[in-house]
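The values are calculated or read from the model by the stated rules, or taken from the named source; none is laboratory data. The model shown is predicted, which means the values in this text are computed figures rather than measured ones. Note that we place each Cβ from the backbone using ideal geometry, even for glycine, and neighbour counts take in every protein chain shown.
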Amino acid sequence: MIKLTDPVTSLKNVGGKRAASLAKLGIRTVSDLVRHLPRKYLDRTKTTRPADLLPGSLVTLRATIASDPAYKPTGGRTSLTTVKLRDAGSESDITPGAIIEAVWFNVPFVRYALKKGRTYIFTGKAARGKSGALQLISPEFDEAGDTASLSHERIVPVYATTADLGQKTLRALIRQALDAVLDQTEDFLPNYVADSCALAGLVFALANIHFPADYDSFFKARHRLVFEELFVVQLALFFVKGHAKQPTELIISPADFSPALNLFPFELTDTQLSTLSQIQADFQSGYAANRLIQGDVGSGKTAVAMCAVYMAVSAGADYQAAVMTPTEVLAAQHFSTFAPFFEQLGVDTVLLTGKMRKSERDEALAKVADGTARIVIGTHALIQSKVEFARLTLVVTDEQHRFGVRQRLALSEKGRGVHTLVMSATPIPRTLALILYGDMDISVIDSMPPGRKPIKTYSVTAAYRPRLYKFIEKLVNEGQQAYVICPAIEESEHGGTSVLEYADTLRSALPGLRIAHLHGQMPQNDKNAVMQAFAGGGADVLVSTTVIEVGVNVPRATLMIVEDAERFGLSQLHQLRGRVGRGGDQSYCVLVSDTQGDVYKRRAAAMTATTDGFALSRLDLELRGPGDFFGTAQHGLPELTIANLYEDISVLEQAQAAARRILDSDPAMTAPCHAALYGRIQSFISNMSYQGVL
Ligand code: ADP
Ligand code: MG
């Protein structure tokens, strides 16, 4: 008996060579084969009689070969093969119109494959030939019989496959695998979940996702498998993060932030204010705030964070707030924004990063521990066990998608009942937001501060560089600043324009300008000095690697040049572009690349067409495919194989509600009816930890 865990070679017709082809698809076991789901389907359900053919339609029909195939070389390697077909249902009765022709161009083997008098199933396009007779053009065909039943007269699955493994072969292997093991697949969903959510059983689902009996069965099968996938992801995340609101004694009330408001040189926008009133309500609710603040680059999330921090530290004499950032550059920038701001309010802020000198760090640690520092800003160095807070009340995580779930939790766990706000500019589909932040409330800042002009974006070749230098010079003479992003630090075998070279080239091309450079391998103090100089107008151009990708805010910078732009993904380009357009002046983004590649061209076209982060993320998903979107650890999720981020929101909501119900009634999942599910969740969690996404 064949088992699910057996290697594919235990199946008939699978030898070493075929196993190697399957391995290229990631298929090693019988179970992998069963879980290799179709990429799409062909509707071949409608069969037609030859007499009913309409020119132009795609049809499937059963027909008997009425003449020996006629083969005609037409010069060079080209040829024409023609055969007469008659309706399979009318063997002797040759009524006029029931005879049609099938033709193939340059498929010489057809003349050997088709035998007069035998019946085949054909699928192809009908057209009217020169003579006026109806023809099937280059149809696919199979002799009527068992294997044909997988590829014709039904909804036919189409799989991702390799060049050396045809669809028909793969279909037959999957059919064989299903027949061998379907009755062994154990349904790990508890019955009551399947019942209450009206889900099909696993056996039915697997059988019908591959070879749907009809449309209804297909939809039931897909619903079940989408549910299962989202349910497992969601339950695993809830299991790790907790899913219920945590009561807290840290009440932040009355939460008035007008003293902070008065210090901004601008008025907050309506969406900034409504986000703050949601935060206020969280703070006073008796439960720890757990809120995602999503807003496109430049929408003004920092000001919201500052008001929230103000509320926290003014609510209790010893209340502390921590702001965590993914990069040192961003931590330093926030520090230089927060420290003077809060100093005016009589509140002390310290910076804490991994690259600080020991004496500096010890001093900062002491202030955090004894409570003199009420605000601490830092990188993930904040998570380390040495860091102790007097009374941590609020944690704000900026650009949170750069952190794993556990890193974020680790900081909140340095206090009890800590309020958590996470900020993200990554525009992600709502489904993904619900999965990742299913335990959170979400605020969306969907408007920009007033007076912003859309950034003009251009895509050019390297030949444009001399003109770009002139453009830089012109803008600088008008009192503005520019960024140049290069993919490499110094010249290397991997190629790519390098920061050091480019900065030198610019220095000689534009001797009157002050050119600074920045990259991740510079000592922290040098990095800070460069950033501060640039932010304060002490340099005109900053040539940098992507260390400035997220969060950096220098409103006088109005030009962003990205060298070797093909090396960056769409979201990354959008983030980089977000470094300009932060003040009232017209800003520009120039993508430089000599690549002719299709994918890059589509990316560049999208960048020049829109500045809408959501539109770009959707396109990014299409260009990269969902696998890659998830595969990268940046979103903290594994690949989804069947669920669709845009279409399956309602199933996700159903799965999420079911996951909550389970954990409400059985938080540790020890009930016998949850045993199989528990095993599944645990292996999913360890897999995600192994991949570094949790
Ligand atoms: P992000 O949401 O990308 O973190 P920031 O918080 O860095 O954006 O804000 C971008 C710029 O917009 C900053 O220079 C900030 O001072 C400015 N800004 C924020 N809110 C407003 C507002 N309501 N009116 C005008 N400018 C604002
Ligand atoms: Mg920011």
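Return yes or no: is residue 289 within 16 Å of ligand 1 (Cβ to nearest atom), touching a residue at least 40 places away in the same chain (Cβ under 8 Å), closer than 18 Å to residue 415 by Cβ and not basic (Lys, Arg)? In short, no. Among all positions in segment 3-26, there is no residue which is assigned to a helix (DSSP H, G or I), more than 25 Å from residue 122 (Cβ to Cβ) and acidic (Asp, Glu). All of 325, 248 fail the test of being hydroxyl-bearing (Ser, Thr, Tyr), farther than 23 Å from residue 662 by Cβ and within 13 Å of ligand 1 (Cβ to nearest atom), apart from 325. Residues of segment 274-303 that are polar (S, T, N, Q), within 10 Å of ligand 2 (Cβ to nearest atom) and either assigned to a loop (DSSP other than H, G, I, E, B) or farther than 19 Å from residue 324 by Cβ (or both): 299 alone. Any residue in segment 463-477 that's surrounded by 12 or more Cβ atoms within 10 Å (Cβ to Cβ): show its pairings with residues that are among the hydrophobic types (A, V, I, L, M, F, W, C) and part of a helix (DSSP H, G or I) at Cβ separation under 6 Å, as long as the two are six or more apart or on different chains. So the pair list comes out as 469/509. It is to be established whether one or more residues within segment 327-347 are closer than 12 Å to residue 524 by Cβ, hydroxyl-bearing (Ser, Thr, Tyr) and out of contact with any Cys (no Cβ under 8 Å at 6 or more places or on another chain). Within segment 327-347, one or more residues are closer than 12 Å to residue 524 by Cβ, hydroxyl-bearing (Ser, Thr, Tyr) and out of contact with any Cys (no Cβ under 8 Å at 6 or more places or on another chain).
The rows are residues; the columns are (1) more than 22 Å from residue 6 (Cβ to Cβ); (2) surrounded by fewer than 18 Cβ atoms within 10 Å (Cβ to Cβ); (3) aliphatic (A, V, I, L, M).
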site: 123; (1), (2), (3): yes, no, no
site: 127; (1), (2), (3): yes, yes, yes
site: 132; (1), (2), (3): yes, yes, no
site: 135; (1), (2), (3): yes, no, no
site: 138; (1), (2), (3): yes, yes, no
site: 149; (1), (2), (3): yes, yes, no
site: 168; (1), (2), (3): yes, yes, no
site: 171; (1), (2), (3): no, no, no
site: 178; (1), (2), (3): no, no, yes
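State yes or no: is residue 310 under 29 Å from residue 372 (Cβ atoms), more than 13 Å from ligand 2 (Cβ to nearest atom), hydroxyl-bearing (Ser, Thr, Tyr) and touching a Lys or Arg at 6+ places or on another chain (Cβ under 9 Å)? In short, no.
For residue 145, the requirement of being more than 22 Å from residue 37 (Cβ to Cβ), without any contact (Cβ under 8 Å) to a residue 12 or more places away in the chain and out of contact with any Phe, Trp or Tyr (no Cβ under 8 Å at 6 or more places or on another chain) is met. Consider segment 563-582 and keep the residues that are more than 23 Å from the chain's Cα centre (by Cα), at negative phi and within 15 Å of ligand 2 (Cβ to nearest atom). The one that is modelled with the lowest pLDDT is 582.
Select from segment 219-253 the residues that are without any contact (Cβ under 8 Å) to a residue 60 or more places away in the chain and surrounded by fewer than 22 Cβ atoms within 10 Å (Cβ to Cβ) and list them in ascending order. Answer for segment 219-253, where residues must be without any contact (Cβ under 8 Å) to a residue 60 or more places away in the chain and surrounded by fewer than 22 Cβ atoms within 10 Å (Cβ to Cβ): 219, 220, 245. Within segment 571-582, being in contact with an Asp or Glu (Cβ under 9 Å, 6 or more places away or on another chain) and either in a loop (DSSP other than H, G, I, E, B) or more than 15 Å from residue 455 (Cβ to Cβ) (or both) holds for 571, 572, 578, 579. For segment 330-348, the set of residues classified as away from ligand 1 (no atom under 13 Å from the Cβ), touching a residue at least 60 places away in the same chain (Cβ under 8 Å) and within 35 Å of the chain's Cα centre (by Cα) consists of 332 only. When the criteria are applied in full, residue 557 meets the requirement of being touching a Gly at 6+ places or on another chain (Cβ under 9 Å) and surrounded by 22 or more Cβ atoms within 10 Å (Cβ to Cβ). Looking at segment 181-192, is at least one residue within 29 Å of the chain's Cα centre (by Cα) and within 18 Å of residue 151 (Cα to Cα)? The answer is no, given that none of the residues of segment 181-192 is within 29 Å of the chain's Cα centre (by Cα) and within 18 Å of residue 151 (Cα to Cα).
Restricting the search to segment 550-569, which residues are within 16 Å of ligand 1 (Cβ to nearest atom) and touching a Lys or Arg at 6+ places or on another chain (Cβ under 8 Å)?
Of everything in segment 550-569, those that are within 16 Å of ligand 1 (Cβ to nearest atom) and touching a Lys or Arg at 6+ places or on another chain (Cβ under 8 Å) turn out to be 550, 552, 553, 554, 555, 557, 560.
Which one is surrounded by the fewest Cβ atoms within 10 Å (Cβ to Cβ), of the residues in segment 312-362 that are acidic (Asp, Glu) and either modelled with pLDDT under 90 or assigned to a loop (DSSP other than H, G, I, E, B) (or both)? Checking each candidate, the answer is 318.
For segment 363-381, a tally of residues being buried (at least 22 other Cβ atoms within 10 Å of the Cβ) and assigned to a helix (DSSP H, G or I) returns 1. Residues of segment 441-489 that are among the acidic types (Asp, Glu), in contact with a helix residue (DSSP H, G or I) (Cβ under 8 Å, 6 or more places away or on another chain) and outside any strand (DSSP E or B): 446 alone. For segment 24-51, the candidate set comprises residues that are surrounded by 14 or more Cβ atoms within 10 Å (Cβ to Cβ) and charged (D, E, K, R); within that set, the residue that is farthest from residue 128 (Cα to Cα) is 28.
The single condition among (1) of a type in the set (Ser, Thr, Tyr); (2) out of contact with any helix residue (DSSP H, G or I) (no Cβ under 9 Å at 6 or more places or on another chain); (3) within 16 Å of ligand 2 (Cβ to nearest atom) that residue 424 does not meet is (2). In this structure, residue 395 qualifies as assigned to a strand (DSSP E or B), more than 16 Å from ligand 1 (Cβ to nearest atom) and on the phi < 0 side of the Ramachandran plot.
For residue 56, the conditions (1) of a type outside the set (Phe, Trp, Tyr); (2) modelled with pLDDT of 90 or more; (3) at positive phi all hold with the exception of (2). For segment 538-548, a tally of residues being surrounded by 23 or more Cβ atoms within 10 Å (Cβ to Cβ) and within 16 Å of ligand 2 (Cβ to nearest atom) returns 1.
Residues are listed down the side, and each one gets a yes or a no for (1) within 11 Å of ligand 1 (Cβ to nearest atom); (2) more than 12 Å from residue 443 (Cα to Cα); (3) crowded, with 24+ Cβ neighbours inside 10 Å; (4) over 30 Å from the mean Cα position of the chain (by Cα):
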residue	(1), (2), (3), (4)
267	yes, yes, no, yes
273	yes, no, no, no
277	no, no, no, yes
280	no, yes, no, yes
285	no, yes, no, yes
299	yes, yes, yes, no
303	yes, yes, no, no
309	no, yes, yes, yes
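Annotation note: Cβ proximity below 8 Å between a residue of segment 406-423 that is closer than 14 Å to residue 439 by Cβ and a residue that is in a helix (DSSP H, G or I) and of a type in the set (Ser, Thr, Tyr) (sequence gap 6+ or interchain) occurs for 420/412.
A single member of 212, 259 is surrounded by 14 or more Cβ atoms within 10 Å (Cβ to Cβ), away from ligand 1 (no atom under 16 Å from the Cβ) and farther than 25 Å from residue 685 by Cβ, and it is 212.
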